[in-house]
Each structure stands twice: as C-alpha cells, then as structure tokens.
Amino acid sequence: MRRPLGLVLVGLGSFLLALAPMSYFYLAGQLVRAPLNHYQSTELEARGARYYDLLTREVRTGATLGAVNTVRGDTRANQGDDGIAVWDSITEIYDKDLKKQVEFQTYRIAFDRRSGLLVNCCGSHVGGDTKVRMSGYGLLFPLGNVDRRDYPFFDMTTRQAVPMRFEAEENVHGLRAYRFVQQVPRTRVARLDMRPTGEMLGIAGQERRTFKVDRYFSATIRVWVDPRTGIPVKHEQNISSTVETEDGRGKMVVAQAGLVTVDRDQRRNVNESNEYAFRRNLVQRVLPAGGLAAGLVLLLTGALLARRGEGSAADDDDAPAPQSRPGVIRKPDGRFGTASRSGRGPVAP
C-alpha cells in the first residue's frame with residue numbers, strides 16, 4: 001500500500017513543481033494586461049465654476065458643473081491583434097443646477113495592453129479627427145509598478161504629449177498613492193465661428209463691433225495613481241479656456257473650473273485597484289511559492305513511501321516458502337496418500 005501511495009504523491013508533487021513557474025511566467029503575464037472589454041463610468045464635479053452660455057450669450061458664474069466620463073472597450077476594433085486594446089471615451093459636461101449640457105467630448109485610443117503606450121491604429125481619433133497622431137500614455141499609467149519619474153501623457157485638448165511629473169505621496173481612502181501633476185501650457189486649439197462683441201471681449205470704444213476669435217486652453221491636471229497597479233484612483237483638473245482676438249486686444253473667459261473625482265468613485269477605484277493588486281500578488285507570489293513548497297514536500301514524502309514500499313516487497317520475496325503438511329505425499333499415479341510410519345513407502349488409501 002505504501003508504494004502506490006508514494007507514487008501518487010510523487011506525481012502530485014511533480015505537477016505542483018511544474019505549475020509554480022507556469023503560474024509566475026504565464027498566468028501573471030496574462031493578468032498584467034489591460035482588459036479588452038473594459039467599462040467604467042466616473043463622475044467629476046466642480047463648484048464655483050464659470051462658463052459661457054451659448055444660449056443666453058452670457059457668462060454664468062458660481063455654477064456647479066458635473067462631468068460624467070464613460071470609457072468602453074471595443075473588443076472587435078483591434079482586428080484580431082490581442083496585444084492591443086481599443087477604448088472609447090465620452091465625456092458629458094453639464095450644469096447640475098440648470099440640468100443642461102454645456103459640452104460634449106469624445107475620443108478613441110488604441111494602446112499596448114502590457115506597456116500602456118498609445119499606438120495609432122484601429123480608428124483612434126479625437127472628436128472624430130482620425131488624423132491626430134497620439135504618443136505617450138493615455139488613460140492608464142504603466143501596468144504594474146509605477147516609478148517616481150516623469151511619464152509623457154497625451155492631452156486630448158491640445159493634442160500633444162505633456163510630461164506627467166511625480167509630485168508626492170498621498171493617502172487616498174487608505175491607499176498610499178503617487179500624485180502626479182501635468183502642466184498643459186496655454187495653447188491655441190481652435191478658430192471659432194462665434195463673433196463676440198467688443199463689450200464681451202473688454203475692448204473699450206468698440207462695444208458693439210464683433211470680432212473674430214481663437215480659442216486657447218491651459219490646464220493643471222493632477223492624478224493619484226496606485227503604484228502597484230498603475231490604475232488612477234483620483235483626478236483633479238483645473239482648466240481654463242479663453243477666446244481672444246488675433247491681435248490680443250480682446251479676451252473673454254469661456255470656461256474656468258476645478259473638476260475633482262467625486263468621493264464615491266474615488267472609493268470604488270481604490271477598491272478595484274486593491275482587488276487587482278491582490279489577484280496579481282496571488283498569481284505572482286503566493287501560488288508560485290506555495291506550489292513550490294508543497295510540491296517539494298509531496299515529492300520527498302512520496303519518494304520515501306515508495307522506497308519503503310519496495311523494501312517491504314523485497315522482504316516478502318526473501319521469506320521461506322510454506323512447508324507442506326507432514327505425511328502427505330504424491331504417488332506415482334498422481335494420487336495423494338500418506339506415508340507409512342515405517343517410512344518404507346506410501347500407504348494406499
């Protein structure tokens with residue numbers, strides 16, 4: 001019984017020893033990749049915001065703005081390339097008090113599922129413009145460990161990669177997060193069809209005259225990211241958008257707001273990042289180490305039991321053969337009989 005049990009334990013131990021490196025190299029590699037079918041909706045809020053109302057043609061101040069960003073993965077857009085993820089982003093900015101839309105933004109990114117770096121394929125666009133060439137990172141930091149260094153992040157409004165610089169460590173709902181800051185410089189982003197008056201632009205003496213204007217944008221963006229996973233858990237966007245005349249004489253603020261991820265979604269992001277970090281640690285460390293230790297124990301135990309089982313079988317082979325019952329013999333004709341007491345011959349039955 002010992003030998004069959006020992007062989008079973010040897011086989012099980014060998015299986016666990018083979019599973020340990022596979023868990024570390026293969027399963028972990030599959031886990032540390034951005035999902036193809038990602039879906040998430042996140043809300044940001046800005047109090048005391050200022051924006052230009054196109055309907056009333058007036059600047060509204062002290063407003064509370066909400067920005068709902070929805071990210072959805074398109075699983076078919078990568079044309080069968082499993083190494084690339086394609087995500088669509090839609091952001092609706094609205095006045096929470098008046099319950100009306102202020103702005104609507106869309107873009108699509110394609111990126112390497114392991115590194116997180118943007119690639120130009122699969123219909124990527126900004127506001128429908130597919131000619132935009134993206135570079136750096138988009139929505140995610142490098143998956144896995146995030147370092148305290150600069151990362152180039154692509155800004156969708158100015159359509160350029162701007163450094164995201166490490167700033168400090170900060171606690172976000174119990175998570176030790178890295179805080180990064182991105183300073184988007186004042187950049188002309190569009191020529192507008194609207195023709196504000198000199199009064200709106202602050203040009204004295206030409207209050208009723210209309211002017212051609214360009215739109216300029218600048219922002220200070222802060223992101224709190226889990227360094228274990230590369231998942232952002234909180235955003236803060238201080239944006240400023242103005243329209244200005246070509247000669248710079250007239251200027252009007254059309255949007256000024258400090259948007260911050262609402263507390264509810266911060267907590268959800270922290271919980272999701274903690275769960276992802278737990279699964280990754282389980283696959284990369286716990287399972288390989290546990291499988292290696294358990295495999296060695298089972299292999300050694302099984303080998304000892306099998307060896308002892310072989311020793312017991314050898315002892316059984318060396319044991320003396322059982323003696324036949326005294327007095328019983330086989331006669332020449334094949335019949336059995338008993339020997340005579342004198343020992344001279346068999347006694348016929």
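At-a-glance table
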quantity: Close pairs from segment 231-259: first part of a loop (DSSP other than H, G, I, E, B), partner open to solvent by 20 Å² or more (accessible area, probe 1.4 Å) and basic (K, R), Cβ under 8 Å, at least 6 apart; calculated: E246/K212
quantity: Neighbours by Cβ (under 8 Å, 6+ apart or cross-chain): first from segment 45-69, open to solvent by 80 Å² or more (accessible area, probe 1.4 Å); second aromatic (F, W, Y); calculated: E58/Y52
quantity: From S89, S135, residue being surrounded by fewer than 20 Cβ atoms within 10 Å (Cβ to Cβ) and either outside any strand (DSSP E or B) or of a type in the set (D, E, K, R) (or both); calculated: S135
quantity: Options L201, L143, L192; residue that is within 23 Å of I239 (Cβ to Cβ), open to solvent by less than 40 Å² (accessible area, probe 1.4 Å), at pLDDT below 95 and touching a Lys or Arg at 6+ places or on another chain (Cβ under 8 Å); calculated: L201
quantity: Residue pairs meeting the criteria (Cβ under 8 Å; at least 6 apart or on separate chains; first free of Cβ contacts under 8 Å to residues at least 40 places away in the same chain, in segment 180-194; second acidic (D, E)); calculated: V184/D155; R188/D214; A190/D214; R191/D214
quantity: Flag for I109 being out of contact with any Phe, Trp or Tyr (no Cβ under 6 Å at 6 or more places or on another chain), β-branched (V, I, T) and in a strand (DSSP E or B); calculated: no
quantity: Search result, residues across segment 56-79 that are of a type in the set (S, T, Y) and closer than 25 Å to E45 by Cβ; calculated: T56, T61, T64, T70
quantity: Where T229 falls short, out of the listed (1) over 30 Å from R280 (Cα atoms); (2) modelled with pLDDT under 95; (3) open to solvent by less than 50 Å² (accessible area, probe 1.4 Å); calculated: (1)
quantity: Matching residues, segment 165-177, being under 19 Å from E275 (Cβ atoms) and either open to solvent by 20 Å² or more (accessible area, probe 1.4 Å) or of a type in the set (F, W, Y) (or both); calculated: N171, H173, G174, R176
quantity: Selection count, segment 91-113, where residues are among the basic types (K, R) and under 21 Å from T61 (Cβ atoms); calculated: 3
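The values are calculated or read from the model by the stated rules, or taken from the named source; none is laboratory data. Being a predicted model, the structure only gives us computed values, none of them experimental. Neighbour counts run over all protein chains shown; Cβ positions are idealised from the backbone, glycine included. Just the protein is used for accessible areas: all its heavy atoms, side chains included, with ligands, DNA and RNA removed. Shrake-Rupley method; radii C 1.70, N 1.55, O 1.52, S 1.80 Å.
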